[in-house]
1. Only one residue in C:SER213, C:SER231 is farther than 30 Å from D:GLN226 by Cβ and in contact with a Phe, Trp or Tyr (Cβ under 9 Å, 6 or more places away or on another chain), so which one is that?
2. Taking only the stretch D:49-85 into account, find how many residues are more than 14 Å from chain E (Cβ to nearest Cβ), over 17 Å from D:PRO121 (Cα atoms) and part of a loop (DSSP other than H, G, I, E, B).
3. Looking at this structure, is F:ALA214 of a type in the set (A, V, I, L, M), in contact with a Ser or Thr (Cβ under 6 Å, 6 or more places away or on another chain), modelled with pLDDT of 95 or more and farther than 15 Å from E:ASP244 by Cα?
4. Restricting attention to the stretch C:103-129, and to residues there that are in contact (Cβ under 8 Å) with a residue 60 or more places away in the chain and out of contact with any Asp or Glu (no Cβ under 8 Å at 6 or more places or on another chain), which single residue is nearest to the other protein chains (Cβ to nearest Cβ)?
5. From the list C:GLN56, C:GLN103, C:GLN45, pick out the single residue that is over 28 Å from C:PRO162 (Cβ atoms) and of a type outside the set (Ser, Thr, Tyr).
6. Given the conditions (1) assigned to a helix (DSSP H, G or I); (2) of a type outside the set (Gly, Ala, Ser); (3) without any contact (Cβ under 8 Å) to a residue 24 or more places away in the chain, report the number of the one that D:LEU180 does not fulfil.
7. Would you mention how many residues in the stretch B:88-110 are crowded, with 22+ Cβ neighbours inside 10 Å and not aliphatic (A, V, I, L, M)?
Number of protein chains: 6
Amino acid sequence: MRENSAKAKWRAGEVTHGAWLSVPSSFSAEIMAHQGFDWITVDMQHGLLDYQVAVQMLQAISQTATVPFVRVPWNEPGIIGKMLDAGAYGVIIPMVNSPEEAQAAVAACRYFPDGARSFGPARASYYGGADYFGGANREIAVIPMVETKQAVARLDEILSVPGIDAVYVGPADLSITLGLPPGMDNGGAFEEARKAIAAACKRHGVTAGIHASAALAAKHAAAGYQMITISSDSGSIAAGAARDLKTARDQAPQGQPVYQ
Amino acid sequence: MRENSAKAKWRAGEVTHGAWLSVPSSFSAEIMAHQGFDWITVDMQHGLLDYQVAVQMLQAISQTATVPFVRVPWNEPGIIGKMLDAGAYGVIIPMVNSPEEAQAAVAACRYFPDGARSFGPARASYYGGADYFGGANREIAVIPMVETKQAVARLDEILSVPGIDAVYVGPADLSITLGLPPGMDNGGAFEEARKAIAAACKRHGVTAGIHASAALAAKHAAAGYQMITISSDSGSIAAGAARDLKTARDQAPQGQPVYQ
Amino acid sequence: MRENSAKAKWRAGEVTHGAWLSVPSSFSAEIMAHQGFDWITVDMQHGLLDYQVAVQMLQAISQTATVPFVRVPWNEPGIIGKMLDAGAYGVIIPMVNSPEEAQAAVAACRYFPDGARSFGPARASYYGGADYFGGANREIAVIPMVETKQAVARLDEILSVPGIDAVYVGPADLSITLGLPPGMDNGGAFEEARKAIAAACKRHGVTAGIHASAALAAKHAAAGYQMITISSDSGSIAAGAARDLKTARDQAPQGQPVYQ
Amino acid sequence: MRENSAKAKWRAGEVTHGAWLSVPSSFSAEIMAHQGFDWITVDMQHGLLDYQVAVQMLQAISQTATVPFVRVPWNEPGIIGKMLDAGAYGVIIPMVNSPEEAQAAVAACRYFPDGARSFGPARASYYGGADYFGGANREIAVIPMVETKQAVARLDEILSVPGIDAVYVGPADLSITLGLPPGMDNGGAFEEARKAIAAACKRHGVTAGIHASAALAAKHAAAGYQMITISSDSGSIAAGAARDLKTARDQAPQGQPVYQ
Amino acid sequence: MRENSAKAKWRAGEVTHGAWLSVPSSFSAEIMAHQGFDWITVDMQHGLLDYQVAVQMLQAISQTATVPFVRVPWNEPGIIGKMLDAGAYGVIIPMVNSPEEAQAAVAACRYFPDGARSFGPARASYYGGADYFGGANREIAVIPMVETKQAVARLDEILSVPGIDAVYVGPADLSITLGLPPGMDNGGAFEEARKAIAAACKRHGVTAGIHASAALAAKHAAAGYQMITISSDSGSIAAGAARDLKTARDQAPQGQPVYQ
Amino acid sequence: MRENSAKAKWRAGEVTHGAWLSVPSSFSAEIMAHQGFDWITVDMQHGLLDYQVAVQMLQAISQTATVPFVRVPWNEPGIIGKMLDAGAYGVIIPMVNSPEEAQAAVAACRYFPDGARSFGPARASYYGGADYFGGANREIAVIPMVETKQAVARLDEILSVPGIDAVYVGPADLSITLGLPPGMDNGGAFEEARKAIAAACKRHGVTAGIHASAALAAKHAAAGYQMITISSDSGSIAAGAARDLKTARDQAPQGQPVYQ
């Protein structure tokens, strides 16, 4: 079975940089996949996309060596199973706030006896290889999100659940439940939690991941985060357009007749 | 009927800045539409998109004041009519190399007696307003592309065809037919042509347009171009991802264990 | 091969009533197909729909005895062939203004030696039956539109082209080219043309068809039209919504507090 | 943040009239959105549509001042969050039969501390505005359905749950659980429940809503209902087609040769 | 209401042969539907398809007498209701491991008083007929899957739940939870379970079904299975392509110059 | 630029075996792409598919070493350019019956000075590589179809047009224009033409291709054909289903009660 190179890098202690897809298109996914990220996440929760186009995006990513991850909309076994069968090599599960929820997430991702995933890797066996059943429990990354005060409070319990490969911090939601605005780089209680999560992950041998930006990557890496999101399709579109408009209009102010 | 604000600005001698859409998604179109461009072109020629998603993209753009243009795949009356009925307020037509081809383009865009467009503005009458038939020949922008050596040679004839609002220079194709690489800012024969087109447009009272970038906008405006493409969805995605990866990796080199 | 019951009724001198589909959905198509029209036209010209959803609409219609027609965007053999292969049992071709254009339309619809259609009825042979090749030239209805002053002027020539089963009057375009507003029931030159077309069809043994409404059906039937469009999905939606709003607001005026 | 004008009207004691969308198409949605309803509901439960086209329908509606609501398929936080992030300004949740289920519905719709919605308003922040986070808990309408005997029995408990803006009566399901046929205007136990719900809503300061028709609008308004569905896309198509066929055939009976 | 001919055959003691659809296309569905299977299952669990295309596939199948079944991704009332409203005449529900889960499955499929299905058969009433409400609880097949050791252990309890028409054995998952590889025809504990399930079904008057192949059909029929899957779209594509390549290359070995 | 391995094999005198895709799905395309064909053709002419899904199919194929070809619906530069920009490495053009039509096909496929293709390889440059412009005229295969009596009559002229890499025989259409039924293996005039085409190709140094089956592959290879279609998605589905039904029913006849 094809190796999950992201998990291999985590085991080797390396930092990995990933990207986030919110635009429902296999073309934007393909553009992103050719840039050289370690992994790319198709975001089915806040991204504007659902199952059918997500599959096409996974196919687009699979043209490259970048590892395809998916964030599912919710901790629900039906959609987790569908995305794994479609070839996701990692599943990010939102709002996992208790060890019971973490166990449910693992159960949905692993075949018996490690879990209760149903067998039928229709596309996954083309992407992963003929021995998919033998290797899936080993290669697929199970990645619950830690994004609430409650989850932080029960972090040791959550991280003790067998089968969790990484946890992924959602800074906006974590900030909100800590009484802060939904920022990516809040200080105070958020900063404490950010460090505490990395430390707990180190204790439990679980990879620490976080939603971030290129500017924050070094800071997170220094804190021990190995799975860092640094770019997104929708973010690049908005930022690029704004920058281009500013460049053009600073030079040739809009609304001023120039052609006489 | 809703006024075509891009044409109004051209008449007022103003420069307009537009954007280009190649990603088949109404979400990326919506993001772009909220940035404040004067107009946005849904590119059905080289963009990775066809009719059905193009309509959804026009709907997305129509939430804003940005004027929706379409580049059709070819100078063919079927698709030109379909895009106008779908609410395009301007049509960019590739590879118009002769006055006959320019006349065909106009005929496909204008109702009798100015042309031979078939009546049925199914969505256009919602976007444009109830008096669409009365105003369409006035508000819709007909924009042939000038992108070959042959077209430049016959430019005065082409610009003499009644009903042409603007011409749009395709720098890559024009460069190729001039024996140059497909660049956006070639010198030599391309530079001569670029200036000659602007001058001819001035003579004929036709707006000069050009495919460009934010960095080239001021240069083109100075030369008399009033319709300048400065940004694109796919370009921003690729550039943003490359920049983010460089930022992150310059700070924390990939492949080096940082978490021990 | 499955008989084209619409053509059979025309041969029997019966009037047929059809419907028009502009909404790109196989569900609205299915609703319409269950109402009992003689035929239904999937409108690829002014309707907001393209090939892929048109096929799904044909599948939806094919659950019933209603005969599936398609109006193609233009007199172009590629799309005509695609729609026939997808199971259209009649093709309405816009803007046929000369006998040459009529011949091209027939050629695109008929197998050799009656025409030059390419063989590959991928879905059509499921809908039409295993002997599709043997019966297609007989059952498929070829229906050029007569919708310009020029076409009316050359009507006898057009109707003399072998292989034309019916012509379909587009009242809006015909009105426009006669200098009238794009109405369905103009008098004057339009009324003359309307009668002349029916008369010419009778002389040539070709079925006369016309885009109309339920209210106009009897008038057209009396004039000899046997193929009459009387209803449309988009028209019913708009009219139904307006009527419902009026009903509700006449009874309980909007904006007036009623609940205290 | 953009104001929810439907909620404003409810607060002002006004009756609002809305429409229902079951056809999976952004074109039919756009037609409906231009008719002037106070709000329009994209029905993901019984409508023939799922997430991806629902987003396009929300984009279509967002071209107008009509407020976009969504009925989700079930009281499940994943899909509720997705629709809110896609720009729904109100969420109708089926089969809420207990205060616990009502609390779950509210939790899925409101950010902390009012609920547990996850942050990521990818499209919603374009529709609602840059200060979406600050205003969402105030502007978004949370609308559980009351459509079973059990829900009516526990209505006071359900209406006591903080954060409920309105309840929406499903007459068919309510009738069924009361032992009646699935009608819109049953008498007996249904009529009693219909009045009891309005009265309970008045006691609790919650808006009463109901699935209805234009003909029933005045009756419901008189009973205190302020959120009344009076029209639907699929209903108008079926009714319009049936009416048109009757009109045409009454005048020119089908099957009778008229053209000799 | 249209009779469910598959259920009628089961009642008559007949074996039925069905097919499985994993390819998201209404064209492949239509091809399969014309082959003469008793029923066809649109597989939303392991198949590469979601709601919107599943509806189109149901429409395609509905052109024929083959009965349309759906396997939902999970035992979740939202998606079960949506598929029934879309016209599924049978629902296969994965991973039903307890009588409580079986009851939930039945509740989602049956109207009150047999269950709690919400009323709104938008497409189903076109397929099933105008009296859909009166007949749905009788004609719709509720088919939980028995595919784990736990389910087999509680089989009598599960089969005692009122409203279950058939159970469907998933050999791969059942094998896995029995400690065997995910095969279709394992011996040992699987073989015992296979026989025990058929025997239990006979005791309870419930139809036994199983995922199989054409080669295994006779064996399963002999054991009492009446609902046997014997073919699949994706399986036929892969097998056909492999066979064709072998045929061609055995005759003309690839890589050997033959044309000189 | 990525080498076109199919063209390399043709140059080396090898026979290549390809497959045909008519089902509009990137999943069936992916299944086919993993079987090991030399090339696969996405059929936009008779296949039930259009541009948008064709792009997804090209992405699916591009995960493998199989070379992606496209058959366009017609010899029209708009669609030819779109498919090349989408990454097609070969274009099969229907109904090329004269050298003029062959020249038009070449012009649409080649950049100046070899043709007049417009520059904008949006996806093609990801698939083909950064030096796409430099290599495209060399690597892209231009493949007109020879499928009429007229084309055979003018074959030497057609094959003399510079830029043609291969011609592809359409046996059904060729048979029809020769007065034969639309078969794949007719004798008589078809057999003569089949041999004459191969001989002419040999004279002109052009690869001979033909639509066929696995059973006919050796016969065609022996005649000098190097590009042979031997399998199709839709064909395998229909044949597999028919075979499976026969297998199952021969063993356990349908309609006979077996479970008592």
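The values are calculated or read from the model by the stated rules, or taken from the named source; none is laboratory data. This structure is a prediction, so every number in the text was calculated from the model and none was measured. When we count neighbours, we look across all protein chains shown, and the Cβ atoms used for this are built from the backbone with ideal geometry, even at glycine.
1. Answer to the check: C:SER231.
2. Counting residues in the stretch D:49-85 that are more than 14 Å from chain E (Cβ to nearest Cβ), over 17 Å from D:PRO121 (Cα atoms) and part of a loop (DSSP other than H, G, I, E, B) gives 4.
3. no
4. Among them, the one singled out is C:TYR127.
5. C:GLN56
6. Every condition holds for D:LEU180 apart from (1).
7. The qualifying residues number 5.
A quick yes/no check of all residues on (1) farther than 30 Å from B:PRO24 by Cα; (2) in contact with a Lys or Arg (Cβ under 6 Å, 6 or more places away or on another chain); (3) not hydroxyl-bearing (Ser, Thr, Tyr):
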| position | (1), (2), (3) |
| --- | --- |
| F:SER125 | no, no, no |
| F:ASN137 | no, yes, yes |
| F:PRO144 | no, no, yes |
| F:ASP156 | yes, no, yes |
| F:ALA166 | yes, no, yes |
| F:LEU174 | yes, no, yes |
